[in-house]
Structure formats: structure tokens, C-alpha cells
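A.B. asks: First the structure, which I've put down as C-alpha cells, then a few questions once you've had a look.
The values are calculated or read from the model by the stated rules, or taken from the named source; none is laboratory data. Only a predicted model underlies this, so the values are computations on that prediction, with no experimental measurement involved. Neighbour counts run over all protein chains shown; Cβ positions are idealised from the backbone, glycine included.
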Amino acid sequence: MPVRPTVLRAGIAAVLGGALALGFVAPANAAPQTSTVVSHEAAAKAVRTKVTASPKSVSVIAGKRAKFSVSAKGSKLSYQWYVRKPGKSSYAKVAGAKTRTYGVTAMSRIDGARYRVVVKGAKGTVTSKSAALVVVSKPKIVTDPADRQARSGDKVTFSVKAVGHGLTYTWRIASMESLDWQTLPGTGRSVTLTARSALNGSLVEVVVKNKAGKTESLPAFLDVASTASDPYTPGTMGVAGEWPLAVEHSDLDADAEVAAASPANPAAPAGSTYVTTTVVACNFSDEGTPDPATIRLRGTDGAFYTTTGVTLPPVPAAMAKKYSDAAEFGCSLSTVGALAPDSVIAGAVWAATGPATRYTPASTSYWAATAA
């Protein structure tokens with residue numbers, strides 16, 4: 001029996017209707033189902049977010065540009081940088097910093113700041129390790145080296161306090177007259193040297209340097225008291241008690257000059273000789289004239305020699321000319337002499353001893369008794 005078309009169409013419709021009910025066949029006006037399938041496939045293929053290289057700390061001269069960068073892998077990545085400023089305990093979002101690199105102008109006020117970046121992707125959010133910003137500014141000296149007083153043979157230390165990154169120190173010394181700077185050994189914030197009479201009146205300074213520039217300290221003054229074994233050279237200014245003074249070159253055979261100074265002067269005994277020198281003594285006291293210093297010849301035998309009842313010759317013309325302006329600075333010139341055995345004169349020294357006062361202890365300085 002043939003099937004009628006109407007019955008066939010009804011059966012097909014029934015079958016199709018069942019299929020639709022079971023979800024096998026989409027009706028003509030239904031939304032496409034492919035988007036859901038693609039979305040699941042994309043999710044399955046998405047790479048988990050991971051930072052492969054965190055930002056590295058950088059050291060930059062003040063005023064230059066510092067750059068940080070991050071490397072990450074993942075899908076649909078986005079970035080946000082954060083900063084923890086010096087003195088702060090938490091991180092704050094950096095406005096507009098949304099790429100894998102971040103640049104900032106180095107300034108001293110952000111020296112020590114730390115930067116990190118949050119990387120967000122389709123499969124998670126990761127925070128990088130932080131990196132430091134080191135801002136290198138020109139060194140600044142906080143405390144200059146201080147003046148030092150020492151006796152010949154003592155160890156003397158000069159120190160400086162400076163702030164800055166990557167500092168190096170170069171110590172220098174020069175005489176106050178020449179200012180011919182010589183480099184001292186040592187590159188630390190302190191330097192130690194052995195005091196010698198030849199260094200008396202020297203200036204000591206330090207040059208502090210880094211890649212941003214250099215700064216020189218104020219010079220410190222080194223005052224070295226001489227000893228009998230390390231006397232000052234003639235003409236060096238030293239101190240005896242409250243008297244700044246200098247003992248000049250000596251006349252190691254002044255018998256004729258002493259005899260000419262006064263007919264009453266006794267002649268030097270056989271085996272002995274008169275020795276004389278010029279002394280420049282300065283009075284800088286605000287309270288009158290200090291008690292005078294005692295100046296004697298110390299022979300190589302360790303004994304002290306002077307003269308009594310002897311009229312000494314006047315200051316030599318050459319010395320008077322050399323110190324022609326001494327009076328303007330409160331200084332005066334005089335002749336000092338001694339009668340000593342010939343055997344102790346070569347290598348002898350002049351010893352100037354200043355008495356103790358309420359301000360200064362008694363002290364003795366020494367000058368070599370050498371001829372001009």
C-alpha cells in the first residue's frame with residue numbers, strides 16, 4: 001500500500017520534532033552553537049601567566065633616565081607597575097605605567113625606591129620580584145677632617161664623613177707655603193700617617209669621588225711638635241708654651257762675633273766655642289706678654305748649654321732683612337747664644353721651652369743647629 005505524501009511528511013516531522021526535543025538538530029531560528037565550542041577550545045589552549053624575568057635593580061646618575069622591564073609569558077597579558085617609595089612600607093600604583101617597560105627620571109628623593117609589576121593574563125595574575133633604583137648624586141661631605149696636633153713619631157689619623165653611592169677617597173697633603181699636593185697612601189674614609197717635624201704646618205685634605213662627580217674637603221691643619229731626634233729645620237715656625245717662634249740658621253763658630261760685641265766678653269776656653277742663632281718670637285696673646293721661653297743649645301752629649309754675663313752680637317743683617325716685617329705681626333728678633341765644647345756642637349739642636357700657663361702646658365720644641 002503506497003504511503004501518502006501527507007503521511008510521509010507527518011512522520012518526518014515527528015522524527016524531526018523528536019530530534020529537536022533531544023537537541024540533535026537546531027531549529028532554523030536558533031543561535032549558532034559554534035561560539036561556545038570555540039571559547040572552550042581557546043581556554044584549553046591559553047598559557048598560564050608566568051614572569052620569566054623580573055625587573056633588575058639599576059644604578060643611574062641623578063637627572064638621567066632609569067628603565068625597568070619585565071618578561072612574562074601567557075595569554076592576553078596586561079601590566080601594571082607599582083612603587084614603594086623610600087620610607088614607605090607599602091606599594092602604590094604608578095599611574096599610566098601599563099606596559100612591560102617603565103622609565104623614570106632619577107632624582108635623589110627617590111633614591112632607594114623599589115619597583116615591581118603585576119602581570120595579568122587569561123590564566124592568572126602574577127607579581128614580579130621588586131627592583132631597586134639607586135640614584136647616584138655628587139658626593140656630599142658631612143664632616144670635614146679635623147685639625148690634629150701631635151709629636152714627631154706619633155700616629156695621626158684624619159677622617160671624613162661623606163654621603164653618596166660608590167664613593168672613593170683620595171687623601172692629599174701639602175705644605176702651607178707651596179700647596180704642592182702629594183697623594184697619601186690609602187683609599188678609605190680615614191688615613192693614618194706618622195707625624196714628622198718636616199710635616200709641621202702641613203695641610204691635609206681628601207677628594208671624595210663617584211661617577212656623578214667629586215667634592216674636596218676643607219683642609220685640616222697638622223701641627224707637629226719636634227723632638228731632639230727629629231728637630232725642625234732652621235726657620236720653621238713652632239710653639240714653645242704660648243710662644244710661636246722660629247730658630248734660624250746658626251753661626252757654629254761665633255768667637256769673633258762675640259768678641260766684637262763687647263770688650264768685656266770672655267774669650268772661649270780652649271776646646272770650646274761660642275754658637276749663636278737668631279730667634280723670631282711672636283706674641284699673639286690677648287692678655288699681655290707671656291713669660292719668655294728658655295732657649296738653650298742641646299749638645300750631642302744630651303747636656304744643655306747657654307751663656308751668662310755675655311753680650312751677644314746683634315741680629316745679622318741678612319736675618320733682619322728676611323724678617324723686615326716681623327714687627328707688623330707682633331714678632332721680634334733677638335740673638336741667642338751658647339758656649340759649648342767643640343765635641344758636642346756638630347749635630348746639636350736648639351731647645352726652646354715655654355713655661356706652663358693656665359691655658360697651655362709647658363712644652364719644648366727643637367731646631368737643628370746647622371750653619372747657613
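A.B. asks: Can you list the strands (runs of 3 or more DSSP E) found entirely within the stretch 169-244 that contain at least 1 residues being of a type in the set (Lys, Arg) and either in contact (Cβ under 8 Å) with a residue 40 or more places away in the chain or outside the structural domain of Asn283 (by TED's automatic domain parsing) (or both)?
C.D. replies: It comes to 202-210, 213-216.
A.B. asks: Further question on the same structure: Sort out which residues of the stretch 253-264 are in a loop (DSSP other than H, G, I, E, B) and surrounded by fewer than 18 Cβ atoms within 10 Å (Cβ to Cβ), and write them in order of number.
C.D. replies: Asp253, Ser262, Pro263, Ala264
A.B. asks: Just wondering, is there one or more residues in the stretch 193-201 that are β-branched (Val, Ile, Thr) and surrounded by fewer than 18 Cβ atoms within 10 Å (Cβ to Cβ)?
C.D. replies: yes
A.B. asks: Tell me, which strands (runs of 3 or more DSSP E) lie completely within the stretch 98-154 with 3 or more residues that are buried (at least 18 other Cβ atoms within 10 Å of the Cβ), over 34 Å from the mean Cα position of the chain (by Cα) and not polar (S, T, N, Q)?
C.D. replies: Fully inside the stretch 98-154 and qualifying: 114-121.
A.B. asks: Also: Check whether at least one residue in the stretch 68-79 is closer than 24 Å to Ser137 by Cα, outside the structural domain of Lys209 (by TED's automatic domain parsing) and at pLDDT 90 or above, and report yes or no.
C.D. replies: yes
A.B. asks: Considering only residues of the stretch 160-192 that are of a type in the set (Gly, Ala, Ser) and over 29 Å from Ile110 (Cα atoms), which is surrounded by the fewest Cβ atoms within 10 Å (Cβ to Cβ)?
C.D. replies: Restricting to residues being of a type in the set (Gly, Ala, Ser) and over 29 Å from Ile110 (Cα atoms), the top hit is Ser178.
A.B. asks: Continuing with the same structure: Does Val275 satisfy the condition of being within 25 Å of Thr357 (Cβ to Cβ) and touching a residue at least 40 places away in the same chain (Cβ under 8 Å)?
C.D. replies: It is false that Val275 is within 25 Å of Thr357 (Cβ to Cβ) and touching a residue at least 40 places away in the same chain (Cβ under 8 Å).
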